[in-house]
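Encoded as structure tokens, the structure appears first; notes follow it.
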Amino acid sequence: MRAFLLRAALAAFFALSIQAAYAQSEPVLVGLDAEFGHLTSTSDDAIKMGMLTAIDEINAASGVLGGRRLALVERDSRSVPARGRENFAELAGLKDLVAVFTGKFSPVVIEQAKLANELKLALLNPWAAADEIVSLEPSGTYTFRLSLRDAWVLPAVLAHLHSRGIRRFGAILPTSVLGRATEARLGALKKGAGPQPVGIAWYNRGVKSMSADYASLVGAGAQAILFVGNEEEGALLLKEMAQLPSERRVPVVSHWGISGGNFVDLAGDSLGSADLLVVQTFTFVGRKDAKAAAVVSRAAALFGLRGAEGIPSQVGFAHAYDLTHILARAIALAGSTERVAIRDALESGKDYPGLVDRFARPFSAASHEALRPGHVFMGRFLPSGSIQRVAK
């Protein structure tokens, strides 16, 4: 019911914002293609809310290009790559559309990144973490990311495990591109240098049980579990662990996929019995600065929230919020809605005081990654669904 009411409020706000935007002459359009048809995802709502909050601020400050308003145009990929390509191509056909934002599913965004280069339209990524989405040599490419890069996850996890004195861990991985990439990184670890994997267990999407895989890894000496996956599979693992005696439950450190959906609701009471940490790059928890307070206040007024705890998947909200402001600055720098000019301006923008960080130069010709490994931290879920940064 809570998810239904949130989506209803978003839909109502979206309809009103479009009507208001088109009441002005020739709004500048920004696209969003995300997995709105995915039943357990919340990252889509978070990205949309972050974009709309930034758009509201930008429009309240006279918009872009001498008073033109920004307006959001939305499509639903349903997490299907072919549909994501179709949606991107359709959005690219709209007059005065300057960029398309993505959702969380890397297979969709990988395909859209190829099309972005072909159609010469900026693809702005506030979530999807697959390395190949953004080239390490981005000259001439049209994809820009303000988000995690998968290559940064394992070093952060290993540093955390080391800080806790954990020397052996097992990995539960999906049979996907991300799972295979994680396997390769585990295989490249230097023997004896830091925590070592004792084994890997594989699962397919829609798996019904992980108990045997978990037991096998713990039986092989794993003192912790590295989990890679999304909210449904992560909740399944925790529920099965909760049925075990406490002495047979080991800590779980998860890739951030579980934070992109209604994981807390799916996990239920099992969350309280688990020592679970998740990779993150942003949280409102503990933020007391004026910037965060102003953004939360505006989002609360727009979407009828009581505070930051009402914002789902806060990391996606913050990334999308900052990316929208960075785009608006690039439009101003380009001086038009010409797409190649906007792409070049994205590489040239400087000194953006963002929500995630203060960016001296978010992007450049040498890097289309706004974040760095130092932005990665480990967090713990609170009952509200927000995530609190942990000290180690």
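The values are calculated or read from the model by the stated rules, or taken from the named source; none is laboratory data. All values derive from a computational prediction rather than experimental measurement. For neighbour counting, all protein chains shown are included, and Cβ atoms are generated from backbone atoms with ideal geometry for every residue, glycine included. Keep in mind that these areas ignore ligands, DNA and RNA; they rest on the heavy atoms of the full protein, side chains included. Shrake-Rupley method; radii C 1.70, N 1.55, O 1.52, S 1.80 Å.
Per-structure values
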{"read-out": "Index of the failed condition, Gly385 passing every other in (1) over 25 Å from Leu271 (Cβ atoms); (2) part of a loop (DSSP other than H, G, I, E, B); (3) small (Gly, Ala, Ser)", "value": "(1)"}
{"read-out": "Selected residue (only one of Arg168, Arg85 is in contact with a strand residue (DSSP E or B) (Cβ under 9 Å, 6 or more places away or on another chain) and of a type in the set (Lys, Arg))", "value": "Arg168"}
{"read-out": "Cβ pairs under 9 Å, 6+ apart, first in segment 320-346 and among the aromatic types (Phe, Trp, Tyr), second open to solvent by less than 30 Å² (accessible area, probe 1.4 Å) and assigned to a helix (DSSP H, G or I)", "value": "Tyr321/Met49; Tyr321/Gly50; Tyr321/Met51; Tyr321/Thr53; Tyr321/Ala54; Tyr321/Val295; Tyr321/Ala299"}
{"read-out": "Enumeration of residues in segment 66-86 that are in a loop (DSSP other than H, G, I, E, B) and either in contact (Cβ under 8 Å) with a residue 24 or more places away in the chain or open to solvent by less than 60 Å² (accessible area, probe 1.4 Å) (or both)", "value": "Gly67, Arg69, Ser77, Arg78, Ser79, Val80"}
{"read-out": "Among the candidates Arg185, Arg145, residue that is basic (Lys, Arg), at pLDDT 95 or above and farther than 22 Å from Ile331 by Cα", "value": "Arg185"}
{"read-out": "Test: residue in segment 103-117 that is open to solvent by 30 Å² or more (accessible area, probe 1.4 Å), of a type in the set (A, V, I, L, M, F, W, C), closer than 29 Å to Ser176 by Cα and over 18 Å from the mean Cα position of the chain (by Cα)", "value": "no"}
{"read-out": "Every pair of residues 6+ apart whose Cβ atoms lie under 9 Å, when the first sits in segment 42-65 and is under 15 Å from Pro27 (Cα atoms) and hydrophobic (A, V, I, L, M, F, W, C) while the second is at pLDDT below 95 and open to solvent by 10 Å² or more (accessible area, probe 1.4 Å)", "value": "Leu52/Phe13; Leu52/Phe14; Leu52/Ser17; Ile55/Ser17"}
{"read-out": "Neighbours by Cβ (under 7 Å, 6+ apart or cross-chain): first from segment 209-227, within 19 Å of Thr182 (Cα to Cα); second of a type in the set (Val, Ile, Thr) and part of a helix (DSSP H, G or I)", "value": "Leu226/Val157"}
{"read-out": "Hey, Val356 open to solvent by less than 40 Å² (accessible area, probe 1.4 Å) and touching a strand residue (DSSP E or B) at 6+ places or on another chain (Cβ under 6 Å) or not", "value": "no"}
{"read-out": "Flag if Gly286 is under 19 Å from Arg358 (Cβ atoms) and either buried (at least 22 other Cβ atoms within 10 Å of the Cβ) or in contact (Cβ under 8 Å) with a residue 40 or more places away in the chain (or both)", "value": "yes"}
{"read-out": "Close pairs from segment 353-364: first within 18 Å of Phe317 (Cβ to Cβ) and part of a strand (DSSP E or B), partner among the hydroxyl-bearing types (Ser, Thr, Tyr) and modelled with pLDDT of 95 or more, Cβ under 7 Å, at least 6 apart", "value": "Phe359/Tyr352"}
{"read-out": "Segment 289-309, residues that are in contact (Cβ under 8 Å) with a residue 60 or more places away in the chain and of a type in the set (Gly, Ala, Ser)", "value": "Ala292, Ala299, Gly304, Ala308"}
